[in-house]
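What follows is a short report on a single structure.
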Amino acid sequence: MKFLILTQYFPPEIGGAQTRLRSTATELHRLGHQVEVVTALPNYPRGRIFPGYGGCFYRREESDGIRVHRVWIYAAMGGGFARMLNYSSFMITSLFALLRARKPDFIFVESPPILLSIPAYIAGLLWQVPYIFNVADLWPDIILEGGFMERGLLIRLLFKLEQWSYRKAARVNAVTDGLRERLLQEKEVPADKLLFLPNGVDTTHFQSRAPDEALKRKLGLEGKKIILWAGTLGTAHGLNYVLDAANLLSSETQIHFLFVGDGSAKPELQQQRQQMRLGNVTFLDPVPIEKLPPYFSIAECGLASLLPIPLYDEARPSKIFPVLASAKALIFVGKGETARLVEKSKAGIVVAPENPEALASAILLLIENPKLAQEFGRNGRAFVEKHLQWSTIIRDWVAQLRPNRAREEVRADASEF
């Protein structure tokens, strides 16, 4: 089959969506399918076009057999009007790139942003092919519940667009069990339209390995017990509470917090570190996923966190899976589906959100009981090998898609929008 992936986010950007979509494209190609990607000039999460990509409107690349079409976007970060321009600009310019791509059998649309259903639908009408709507976060619910926007005309229009997007899609993917249930029960997406495409991990790339002592020396962390955060530093993660826990553990001189990544919350976190004079916290720039394994090798455990917002209860942060595949214990600060996954896999400790004291206690428990940490690591590795390898996930997803292919039809009436 021929797939065209439409997404605002794609490597060389670093983040959960970028990793997931690259893995999806790579695995589809490995299975013998033709894959093209339409995406923006890389700019996330700093809101600036990456070096080497400036000064052009359109650019085509080839990467490991996958053709990537990149097009201009109004680069911006944070929220508000500038971010809406960011989303809207790619919605418009993506049409130019879509018309440069070859006709696919399916258009695979990543949401958020939900606006991309519009160019996908238009391209689908021109080609007479269906689109698959991949729901990684519920828009506009998360905008409203997260306090990023107040109720008003724009929110009402986004809710109407959401319902239209589900109605026009040939298939709707859910990336977690919780999202699948909400799509079925609250959004009234028909059961025969829903597919499951969860986050996974490359278990050959991430695996147990000896500590990279050269990396520890380079970072000046010899002799330290490292608590690793590898991924986006966003407002949804409540990382100010993690720094509060680091402050509580400042007398434990062997414990060190290492943050590898970037995001909208990073400047404030760096300021908090400076104000608290935390010598046990280091922030590093993002590292491409292919270069991350050595960082996991030097960690005592991995860390993930989400604020207690109801919609986040349905999330499975992609940053947890390399931790498990690397046979490292995981501390998850939060509740909901990820907490249940950690408990089911017996791969680590779940800590209540916004509780620095409980987080500090969990870290001390693992540091003082290395055999327990090793047991958690072994359990996590076994769990992802059995359930969450990308090769298995994509093969199963394609199997869900194939039986219904003959019934795919594109409605040529645009009047409902």
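Where a number appears in this text, it was derived from the coordinates with a stated rule and is not lab data. Source: prediction; values computed, not measured. Neighbour counts run over all protein chains shown; Cβ positions are idealised from the backbone, glycine included.
For the stretch 129-186 and the stretch 24-88, what is the separation of their Cα centres, given in Å?
What the calculation gives is 22 Å, centre to centre.
What residues from the stretch 165-180 fall in the zone where the backbone N is under 17 Å from a label point 7 Å along the Cα-to-C-beta line of GLU343?
Output list for this probe position: 177-178.
Can you put ASP396, ASP137 in order, fewest other beta carbons within 10 Å first?
Details: ASP396 14, ASP137 21.
In increasing order of surrounding Cβ atoms, one gets ASP396, ASP137.
If the elastic network links every pair of Cα atoms under 10 Å, which of LEU31, LEU183, LEU157 fluctuates the most in the Gaussian network model of the chain?
Checking each option, the largest mean-square fluctuation is seen for LEU157.
What is the stretch 213-387 by shape, rounded, prolate or oblate, if you read a ≥ b ≥ c off the alpha carbon gyration tensor as root eigenvalues and call it rounded for a/c under 1.5, prolate for a/b larger than b/c, and oblate otherwise? Working shown, then result.
Details: a/c = 1.35, a/b = 1.13, b/c = 1.20.
Note, shape of the stretch 213-387 comes out rounded.
Could you give the size of the charge dipole of the chain about its Cα centre, using +1 on the Cβ of each K and R and -1 on the Cβ of each D and E, expressed in debye and rounded to the nearest 20?
Details: 50 positive and 43 negative charges, 184 e Å.
With Lys and Arg at +1 and Asp and Glu at -1, about 880 debye.
Cα gyration tensor of the stretch 343-394, axes a ≥ b ≥ c as square roots of the eigenvalues: rounded (a/c below 1.5), prolate (a/b > b/c) or oblate?
It comes out oblate by the Cα gyration axes.
In the stretch 95-162, what trypsin sites (Lys or Arg not before Pro) fall in a loop by DSSP, with at most 14 other Cβ atoms inside 10 Å? Can you show the working numbers first?
Numbers: sites: ARG100, ARG102, ARG151, ARG156, LYS160; in loops: ARG100, ARG102, ARG151.
Passing sites in the stretch 95-162 are ARG100, ARG102, ARG151.
Once you put a point 7 Å from the Cα of SER391 and another 7 Å from the Cα of LYS218, both along the Cβ direction, what distance in nm separates them?
Each label point lies 7 Å from its Cα, and together they span 2.9 nm.
Among GLY380, SER250, VAL37, which residue has its Cα positioned farthest towards the positive end of the charge dipole of the chain, with +1 placed on the Cβ of Lys and Arg, -1 on the Cβ of Asp and Glu, and the dipole taken about the Cα centre?
Final value for the positive-end residue is VAL37.
For the stretch 151-231, build the charge dipole from Cβ charges (+1 Lys, Arg; -1 Asp, Glu) around the Cα centre, then report which of GLY231, GLY152, ALA169 sits farthest towards its positive end.
Of the candidates, GLY152 comes out farthest on the positive side.
Can you tell me the FRET efficiency between GLN400 and LEU365 if r is taken as the Cβ-Cβ distance and R0 is 35 Å, rounded to the nearest 0.05?
Working: r = 41 Å, r/R0 = 1.16.
So the FRET efficiency works out to roughly 0.30.
Under the classification rounded if a/c is under 1.5, otherwise prolate if a/b is larger than b/c and oblate if not, where does the stretch 201-284 fall, given a ≥ b ≥ c as square roots of the Cα gyration tensor eigenvalues?
In terms of gyration-tensor shape, oblate.
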